[in-house]
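Working notes, beginning with the structure itself.
What follows is calculated from the coordinates using simple rules that are stated; it is not laboratory data. All figures in this text were calculated on a predicted structure; none of them were measured in a lab. No Cβ is skipped: glycine too gets one built from the backbone with ideal geometry, and neighbour counts run over all protein chains shown.
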Amino acid sequence: MQAIDVLKSAEGNMKKAVALTQKELQGIRTGRANPALLDRVVVDYYGAPTPLKQLANISTPDGKCLVVQPYDKNALKDMEIAINKSDLGMTPNNDGNVIRIVVPSLTEERRKELVKLIKKFAEDGKVAIRNSRRDGLESMKKLEKEKQISEDEMRKQQEHLQKLTDKYTKEIDDLTLSKEKEVMSV
């Protein structure tokens, strides 16, 4: 393994951390209807846990309502149960053909709770990035110890690794800031 491989591996892990953080942030409700709100809902479909989005077409006819149209009408009741069990805090209305979910406006208190949750997801992402940096540094030190890279090369690669860490940490900060603005806007 060479220093460049260590950097590529660390950067790949950092990109995954940013992508995961972004995915988690998309699942946070902002008061507007968005099909991504139902991404984490899993339905017990004939004994197998299946994501809701694989079993139905999810659309937003307006900004306040989600419509779930099942591909298999027999699974409608199971979908309703799964949505009720989820931590969305929304009640589905089943009319026999589709499930309608009205997305209520957020209270000020709920908005503040969501901002705390956003910050928690962001911190988890940053921790993952710092762990990637730490692992990269340990690998670099191992290479230096085995005399595969020089001390100067080690310092240069450490600086590069720190720049990558700063870059991806800033990406998470930017995602967090925009999501906080979205949640706090009425």
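Listing Met154, Met140, Met184 from fewest to most neighbouring C-beta atoms within 10 Å gives Met184, Met154, Met140. By other beta-carbon atoms within 10 Å, ranking Ser132, Ser86 with the fewest at the front produces Ser86, Ser132. Loop-located trypsin sites (Lys or Arg not before Pro) across the range 119-186 with a Cβ neighbour count of 12 or fewer within 10 Å are Lys147, with loop assigned by DSSP.
Of all the options Glu123, Glu11, Glu159, the one that moves most in a Gaussian network model of the chain with Cα springs shorter than 10 angstrom is Glu159. Each stretch of four or more DSSP H residues adds -39500 (n - 2.57); spread over every residue of the chain, this sum gives -20500 deg cm²/dmol at 222 nm. Compare Gly47, Gly96, Gly125 in a GNM of the chain, Cα atoms joined below 10 Å, and give the one with the largest fluctuation. Fluctuation is largest for Gly47. Charging the Cβ of each Asp and Glu at -1 and of each Lys and Arg at +1, and nothing else, the dipole of the chain about its Cα centre rounds to 200 debye. Computed over the Cα atoms, what is the radius of gyration of the chain divided by 2.2 N^0.38 Å, N being its residue count? Compared with the compact-globule rule of thumb, the chain sits at 1.37. Sparsely packed loop sites in the range 1-94 (the chymotrypsin sites (Phe, Trp or Tyr not before Pro) outside DSSP H, G, I, E and B with at most 13 other Cβ atoms within 10 Å) comprise Tyr46, Tyr71. Computed on the Cα atoms alone, the convex hull of the range 35-102 gives a volume of 75 cubic angstrom per residue.
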